[in-house]
Structures are given as structure tokens and as C-alpha cells.
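The values are calculated or read from the model by the stated rules, or taken from the named source; none is laboratory data. If you're wondering where the values come from, they're calculated on a predicted model, not measured in any experiment. Quick reminder, even Gly has a Cβ in these numbers, built from the backbone with ideal geometry, and neighbours come from all protein chains shown. Please note that ligands, DNA and RNA were not included when accessible areas were found on the heavy atoms of the full protein model with its side chains. Shrake-Rupley method; radii C 1.70, N 1.55, O 1.52, S 1.80 Å.
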Amino acid sequence: MLTTTNKSRIFLSPPHMSGKELKYIKGAFESNWIAPLGPNVDAFEKEIADYLGVNDAVAVSSGTAAIHLALSLLGVEKGDTVFCSSLTFVASANPILYQGAEPVFIDSEPDTWNMSPEALEKALMESELDRRLPKAVIVVNLYGQSAKMDEITSLCDDYGIPLIEDAAESLGSTYKGKASGSFGEMGIFSFNGNKIITTSGGGMLVSDNSEWMKKARFLATQARDPALHYQHSKLGYNYRLSNILAGVGRGQLEVLDERVEARRQIFNRYYEELAHLPGISFMPELMNTKSNRWLTAFTVDDSISGVSAKSILKNLTEENIEARPVWKPLHMQPLFEGCDNYPHRENENISESLFHQGICLPSGSSMSETELLRVINSVKNTLKIKV
Ligand SMILES: Cc1ncc(COP(=O)(O)O)c(C=O)c1O
């Protein structure tokens with residue numbers, strides 16, 4: 001799609017530095033802790049663990065690496081299955097393939113757009129009958145909104161299946177007052193450039209299980225046995241975060257709560273201006289949860305609005321505004337062709353309709369009111385609403 005304007009670009013979710021990062025980077029330079037690990041890494045891990053109220057955290061090079069480590073720690077291997085939310089970015093499921101295991105995709109439900117407990121229950125019941133229970137369940141908190149954690153954790157507990165909480169998009173969110181990412185046996189976060197806080201690239205694996213976290217540090221540093229010479233008896237990875245990037249993360253963490261409030265404000269502005277329009281529905285926020293509103297997302301029912309999500313996206317693109325469809329469900333991706341998937345209910349696939357009708361709007365915490373109005377007016381113009 002072509003841009004037909006010379007107006008400046010509005011990005012979906014650009015990095016937003018606070019300036020506080022520089023003191024930590026400077027400290028690393030002054031002490032020559034450039035590589036490999038160092039005091040910023042130790043402090044960043046502790047600060048994240050304290051923020052979430054978990055025992056331990058391991059800073060790694062990406063959220064994807066954190067998921068991969070979690071699966072390795074749980075012993076996922078060839079021949080195993082892992083259940084995973086379908087409505088997510090491919091990185092949630094790629095590590096299942098790295099381990100040679102098979103993903104089974106679980107649909108969303110309408111209240112959170114996240115994993116449907118009904119579909120999960122059916123999948124667990126059937127896999128038990130087949131004597132092929134999954135080795136793990138990966139639940140994703142889409143765009144900052146927590147999944148129905150009470151129902152999902154209780155199902156996983158009933159079947160004795162460990163839960164990995166993919167909280168890559170939901171740092172700073174809460175479910176019933178408890179931090180997002182602290183619910184599963186392990187949780188993961190991403191500090192990729194587009195996330196609510198960033199280290200330019202990075203991730204975190206968190207857990208209350210200190211033994212696992214000790215093992216994660218070992219696996220993430222090439223599984224080096226304690227010997228002066230380089231001795232290895234297990235397969236390891238080069239997944240640790242650098243001391244400089246951890247410094248960026250520490251500076252960003254200082255402003256996380258401000259960033260959450262800014263994104264929630266942006267959501268509220270879009271909501272005020274667009275939610276009452278015919279056929280438009282915004283991503284809900286489940287009662288007793290607080291979403292960081294990483295991305296503002298809404299759906300358009302073209303049978304009511306007379307305009308498709310595609311036309312809105314086309315016009316936004318032409319106006320040099322970066323907007324995206326809601327994630328294409330993983331069970332629809334060619335990479336995962338042939339993998340099982342469980343819809344929310346028979347003949348009711350929620351993630352597919354969210355994909356066809358859903359749009360994510362620019363939501364960066366540094367967005368100005370003028371930029372917000374440009375986005376709002378573009379959507380209204382497509383809907384032929386007078387601005
Ligand atoms: C839901 C989800 N899971 C996992 C990831 C992977 O994180 P990273 O890009 O840090 O590897 C991302 C984002 O990129 C994500 O949005």
C-alpha cells in the first residue's frame with residue numbers, strides 16, 4: 001500500500017526513552033562492564049523480580065529466548081505436544097518447534113481475546129483420553145490484557161500441566177491485583193523495541209522456582225560446567241542480556257508505571273472518539289484486571305458500519321500512519337499447517353473473526369494530541385463520519 005501524503009510518519013509503538021537510561025550506561029562504561037554480564041544485569045533482574053513479586057528473574061537476549069529456556073527447563077522434546085494460544089505473534093510458538101515438539105493451538109474467548117478456558121478444557125480432556133497430555137501450556141496476554149487466569153491455572157493444576165505465561169506484551173498489567181507474568185510456573189517478558197519498555201532487544205524469564213532460574217542461567221550461558229577449562233555436558237545457548245542493555249532496561253523500568261498510564265490515556269482518547277460509532281467495538285478489559293493497553297485494538301463489523309477493517313487500514317497507511325490487523329492466528333499460518341487447533345465452541349472461532357475484523361492503532365506512550373487526532377480523523381473519514 002502506498003502513502004499518498006507528505007505528513008510525518010506515526011509509528012505503531014516506537015521506543016520511548018526517559019533519559020534515565022544514560023546514567024546506567026555511563027556507569028557501565030566507567031567501570032568497563034561492557035561485557036558479558038555485570039552489575040546492571042544483576043540489578044535489573046532483582047528490580048523486575050521485586051516489581052512483579054516473584055522470587056527470581058533471568059535477563060536474556062529476547063522474549064523468544066525466554067520461552068525457549070522455559071520449554072527446555074520443562075524437558076519438552078521431540079514427540080511432545082505443547083498447547084499454545086492461537087491469537088499471538090509467531091514467537092510464542094516458534095520455540096515449541098525449536099524443541100522438535102508439536103504445538104496445539106487454543107482459540108480465544110470474547111471477554112479478553114485470550115485463551116478460551118472452554119477450548120482448553122476440551123483439548124485437555126481429549127488429550128488425556130488419547131494418553132497424550134501436553135508437556136506445557138503457553139498462555140498469552142494479548143496487547144496487555146491478562147487471560148482468564150483463575151480458570152486457566154485451575155485447569156492446568158487439575159491436569160498437572162505446567163503453565164508458561166507469555167507476558168511479552170503485558171508488563172505493568174495486573175489480574176486481580178497480582179502482576180501479569182507472575183501466574184504460571186514461569187513467565188516471560190520481551191523488551192523488544194516496540195514493547196511498553198525496551199532494552200532495544202531483550203527479555204526476561206521469571207519464576208518463584210529458584211532452582212529452575214539457576215538452571216536457566218546455566219543453560220543461557222552455553223551450559224558451562226564449573227571447571228577452569230571449558231567443559232560442557234549439556235546443550236546450552238548464548239542467551240544472556242548484556243550489561244549495557246540491562247542498564248537501558250533499568251532506566252526504562254523507573255518510568256514503567258508512567259508508560260502504562262500514558263498508554264491507558266491513549267486508549268481512553270480513542271475510546272471517547274470512536275467507541276460510540278456503529279459497528280465499532282473496543283478490546284474489553286476484564287473486571288478486576290488492569291491492562292497496560294500496550295496497543296489499542298478494536299473491531300469493525302462491516303455489516304453494521306458499511307466499511308471493512310481493510311479499508312480503514314488502507315486509509316491509515318495512505319496517510320503515513322502505521323496500523324496493523326490483529327495478529328493472524330497461528331493455526332492459520334502456513335508454518336503450522338496440519339497442527340491441531342481447538343475453537344472456542346463448535347463453529348465459533350473467535351480468533352479468526354478478531355483477525356478479520358480487528359485493527360491495532362498507534363499507541364506509543366510519546367504520541368502527541370495532534371498525532372492522535374490525525375489517527376482518529378482518518379478512521380472517522382473512512383467511516384464517513386463528519387470530523
Ligand atoms: C506475545 C509475544 N510473545 C513473544 C514475543 C517475543 O519477544 P522477542 O521479540 O523479545 O523475542 C513477542 C514480541 O516480540 C510477543 O508479542
Over segment 246-369: Kirkwood hydrodynamic radius from C-alpha pairwise inverse distances, Å
16.6
Net charge dipole size for the chain [Lys, Arg +1 and Asp, Glu -1 on Cβ; Debye, nearest 20]
1380
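Explain nothing, just the number: dipole magnitude of segment 28-78 about its Cα centre with +1 on each Lys and Arg Cβ and -1 on each Asp and Glu Cβ, in debye rounded to the nearest 20. Provide the component values of the computation, followed by the final result.
On the way: 2 positive and 7 negative charges, 48 e Å.
Roughly 240 debye, rounded to the nearest 20.
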Binned Cα-Cα distance frequencies in the chain - 10 Å width, integer %
5, 23, 31, 25, 13, 3, 0, 0
Using the Cα atoms of segment 299-387, I'd like the radius of gyration and the largest Cα-Cα distance, Dmax, both in angstrom.
15.6, 47
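Sorted by accessible area with a 1.4 angstrom probe, largest first, how do R293, R224 fall? Working shown, then result.
On the way: R293 15, R224 105 Å².
Ranked list, largest accessible area first: R224, R293.
Per DSSP H run of n ≥ 4, the term is -39500 (n - 2.57); total these for the chain, divide by its residue number, and report the mean residue ellipticity at 222 nm rounded to 500 deg cm²/dmol. List each step's numbers first, then the result.
Numbers: 13 runs with 141 residues, N = 387.
Helix contribution divided over all residues of the chain: -11000 deg cm²/dmol.
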Given all pairs of distinct Cα atoms, segment 54-105 yields a Kirkwood Rh in Å of 11.5
Considering only protein heavy atoms, what is the solvent-accessible area of H331 at a probe of 1.4 Å, reported in Å² to the nearest 10?
30
What part of the accessible area of the chain, given as a whole %, is carbon or sulfur when the probe is 1.4 angstrom?
51
Given +1 on the Cβ of Lys and Arg, -1 on the Cβ of Asp and Glu, and no further charges, what dipole in debye does segment 264-384 carry about its Cα centre, rounded to the nearest 20?
300
What is the distance in Å between the Cα centres of segment 120-155 and segment 226-264?
28
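Sorting W327, W33 by accessible area (1.4 Å probe), largest first, what list results? The partial results should precede the final answer.
Values: W327 65, W33 105 Å².
Listed by decreasing accessible area, they come as W33, W327.
What is the count of Lys pairs in segment 142-265 whose alpha carbons sit under 18 Å apart, if the two are 8 or more places apart or on different chains? Don't skip to the end; give the middle numbers.
On the way: K148/K176; K148/K178; K214/K234; K215/K234.
Lysine pairs, 8 or more places apart or on different chains, close enough: 4.
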For segment 165-216, the charge dipole (Cβ of Lys, Arg +1; Cβ of Asp, Glu -1; about the Cα centre) points to a positive end, and the Cα of S182, T198, A167 closest to that extreme belongs to T198
Excluding ligands and nucleic acids, what accessible area in Å² is computed for I25 using a 1.4 Å probe, to the nearest 10?
40
Note the direction-averaged projected area, equal to a quarter of the hull surface, for the Cα convex hull of segment 76-172, in nm².
5.7
Within straight cross-link reach of K386, meaning Cα distance under 24 Å, which lysines are found once same-chain residues fewer than 8 apart are removed?
K7, K310, K314
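Rank by packing, highest mean first: peptides 123-134, 51-62, with packing defined as the count of other Cβ atoms within 10 Å averaged across residues.
51-62, 123-134
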Tell me the accessible surface of S368 in square angstrom (1.4 angstrom probe, heavy atoms of protein chains only), to the nearest ten.
50
Leaving out ligands and nucleic acids, and using a 1.4 Å probe, what accessible area per residue does the chain come to in Å²?
43
